Each structure stands twice: as C-alpha cells, then as structure tokens.
Amino acid sequence: MRVRCLARMAEPTDRAGDESTFIRRVLIVIALVGLALFAWQLRDILLMIFGAVVVATLLRSFADLLCRWLPMPAGVALLLSVLIVVAIVGLIAFLFGAQLVGQAETLRSALPQAWESARARLGEYGIALPAQGLARSSETGGLMANAGQFIMSVGGALTDTLLILVGGIFLAGQPSFYRVGAIKLVPEASRSLVAEALGDSGRALKLWLKAQLLAMVLIGVLTGLGLWLLGVPSALALGLLAGFLEFIPFVGPILSAIPAVLLALAIDPQLAIWTVVLYVIIQHVEGYAIQPIIQQWAVDLPGFVLLFALLACGALFGPMGVIFAAPLTVVSYVLVKRLYVREALDTPTPIPGEDKDAA
C-alpha cells in the first residue's frame with residue numbers, strides 16, 4: 001500500500017516535468033522559427049556583411065604580406081595596404097582612364113547598333129531574336145520612363161558597395177575583436193570547436209581569393225590582348241570587363257563574351273566567329289592550364305557544388321548573391337565538412353586549404 005501511495009504521489013510530478021519539458025521545446029522551436037524569419041528579412045544586409053568579410057580578408061592578406069616583407073605593426077601594414085590599393089587604382093585611372101572612358105562610351109553607344117546588326121544578319125538565315133523591345137526601349141519616352149528607376153538602382157548599388165568597402169576596412173582593422181565577439185555568442189562548450197571552424201573557413205577563403213585574383217588578372221590580360229590582335233573595338237574595356245566578371249564562375253565568362261561578340265558581328269561575321277573562338281580558347285587555357293596550377297596551392301571546389309550554389313544564391317539574394325556565391329560557397333563548404341561531417345558524423349574528411357600554406 002505504501003508503495004502505491006508513493007507512486008500516485010510521483011505521477012503528478014512526472015506529468016508536470018513532462019509538460020514543462022514539452023513547453024520548453026515548443027518555445028525553443030518557436031524561437032528558432034522566429035530567428036529564421038528575422039534572418040530572412042535581413043538577408044540582404046547579412047550578405048553585405050559577408051561582402052565586408054571578403055574585403056577584410058583581402059586587405060588582411062595584403063597587410064600580412066607587407067609585414068612579412070617589412071617588419072612593421074599590423075595597423076601600419078593595414079593602413080599601407082589600403083593606401084597602396086587606392087594608389088594602384090588611381091594610377092590605373094591616370095594612365096588608362098581617358099582611354100578606358102572613351103572605349104566604354106564607344107562600347108555603350110555601339111552595342112545597340114551592334115545588336116540591331118546582329119538581328120539583321122541572323123534574320124537573313126531565318127533566326128529571329130526577340131529584340132524589338134530593345135529598340136523601343138531606346139526611344140525617348142522609354143528612356144524617360146525608366147530613367148528614375150535606373151538612377152535609383154545605380155545609386156543603391158554604389159551605396160551598398162561603399163558600405164561593404166568601409167565595413168571591410170573596419171573588420172580588417174580589428175579582426176580578432178569581431179571574431180571573439182562572434183564566438184562568445186556560442187555556448188561555452190562549443191566555442192573552441194567554432195573557433196577552429198572559423199579559422200579553417202578563413203584560411204580557405206584567403207587561399208581562394210588569392211587564386212581568384214591571379215586568375216582574374218591573367219584572364220583580363222589574355223582577353224584584352226587577344227581582342228586587340230583581332231581588331232575588335234574597345235579591347236581594353238572588354239579585357240577589363242572579362243577580368244572583373246571572372247570573379248563570377250560559369251556566368252561571368254559568358255556575360256563578358258556577349259558584348260565583344262556583338263561588336264565583332266557588327267563589323268564582320270567572320271570577326272565574330274574568331275572572337276568566339278578566342279573566348280573558347282581562353283576558357284580552355286583557364287580550365288586546363290591556369291586553374292590546375294593555381295589549385296595546387298589554393299582551394300579546389302567541386303564544380304557541381306559551385307554551379308548549384310550559384311543558382312541558389314541568385315534565387316535567394318539576386319544579383320549580389322551571384323557576385324558573392326563563390327566565396328560564400330567556399331566558407332559554407334568548409335563549415336559543413338568541419339562541423340557536420342567531422343564532428344557530427346565522426347567521419348574523417350579533408351578540409352580545403354587545411355594542408356596548404358595559409359600565406
């Protein structure tokens with residue numbers, strides 16, 4: 001009898017404990033859902049923060065290189081790296097600014113005519129392009145109707161770029177301060193693991209950026225030189241465009257080839273064919289010569305993962321997501337392998353950039 005009484009007395013306590021556990025779990029789920037919705041509303045700002053991280057990584061890499069060559073405090077090296085980057089941009093603008101602006105203006109004014117010429121030439125072979133709206137959009141009424149929206153979009157893009165650059169400078173100035181602050185948001189038992197994962201992802205991002213910058217320079221030089229030898233107008237501007245768009249995998253090379261092919265087609269169809277051949281050759285040189293050499297000391301991402309990450313980032317974040325899709329994939333790829341595959345699944349797996357020199 002005594003045992004039964006004790007069991008009956010324990011039943012309400014057990015039920016209360018079960019109810020409190022259930023309520024706590026429900027509240028945790030609601031909080032996580034709310035946090036996810038809040039992050040979704042701020043996804044553009046979060047992507048800009050990541051862009052600032054990319055800029056900070058570039059500046060810190062340059063500053064570390066200066067510290068290795070010339071013994072100096074880290075703050076002085078960072079200041080010099082920012083000044084050197086600004087000086088290089090200013091020198092390029094001084095040496096090639098007038099020519100580049102002239103070629104860009106030529107490119108802007110020649111592209112609509114090149115498009116119409118391409119339509120006419122392809123129309124002779126029975127190929128119709130849905131491009132009549134382009135001609136209508138160039139009329140005064142269409143331009144005036146879209147001018148305000150275009151100016152606002154350009155102004156917004158410039159503002160976002162300025163915020164990313166300034167934020168990157170602040171992050172590069174005190175990287176450990178922000179890194180420690182982010183780690184403190186994690187429960188104490190997991191802080192060492194998160195710190196290691198952040199270190200792995202930062203090292204991989206630094207290696208990928210170094211490799212990508214080298215590839216951008218090589219592709220820009222090869223493209224500009226090749227177009228100049230072929231006699232395509234605005235070769236310098238097109239080469240610079242190809243170098244910048246090389247930062248975007250898969251899509252960038254295609255986008256950079258379109259204006260060059262259109263300009264060449266407006267001059268001579270045979271020149272357009274040679275222009276296409278040039279871009280195909282350059283992409284093959286990149287795929288079979290430049291990238292294998294660079295990836296020996298950089299980070300090699302699976303093409304399948306990078307392709308669908310590009311599509312996902314474009315669908316989630318728009319054009320800015322496409323721009324930062326590759327570095328975001330590098331960081332996410334390393335974090336998944338480090339935190340999930342190694343820790344959660346206890347499966348040995350290599351981390352990109354783990355066994356390579358972080359310099």
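The values are calculated or read from the model by the stated rules, or taken from the named source; none is laboratory data. Quantities reported herein were computed from a predicted structural model and do not represent experimental measurements. Backbone-built Cβ (ideal geometry, glycine too); neighbour counts: all protein chains shown.
Summary table below
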| item | result |
| --- | --- |
| Top-ranked residue of region 314-353 - restricted to ones that are surrounded by 15 or more Cβ atoms within 10 Å (Cβ to Cβ) and outside any helix (DSSP H, G or I), ranked as nearest to the chain's Cα centre (by Cα) | F324 |
| Helices (runs of 4 or more DSSP H) contained in region 173-289 and holding at least 1 residues of a type in the set (A, V, I, L, M), under 23 Å from G303 (Cα atoms) and at pLDDT 85 or above | 191-230, 235-245, 251-267, 269-285 |
| Single unsatisfied condition, L58 versus (1) surrounded by 14 or more Cβ atoms within 10 Å (Cβ to Cβ); (2) farther than 19 Å from L162 by Cα | (2) |
| Lone qualifier among L271, L214, L209, L229 - being surrounded by fewer than 19 Cβ atoms within 10 Å (Cβ to Cβ), over 20 Å from P112 (Cα atoms), aliphatic (A, V, I, L, M) and touching a residue at least 12 places away in the same chain (Cβ under 8 Å) | L214 |
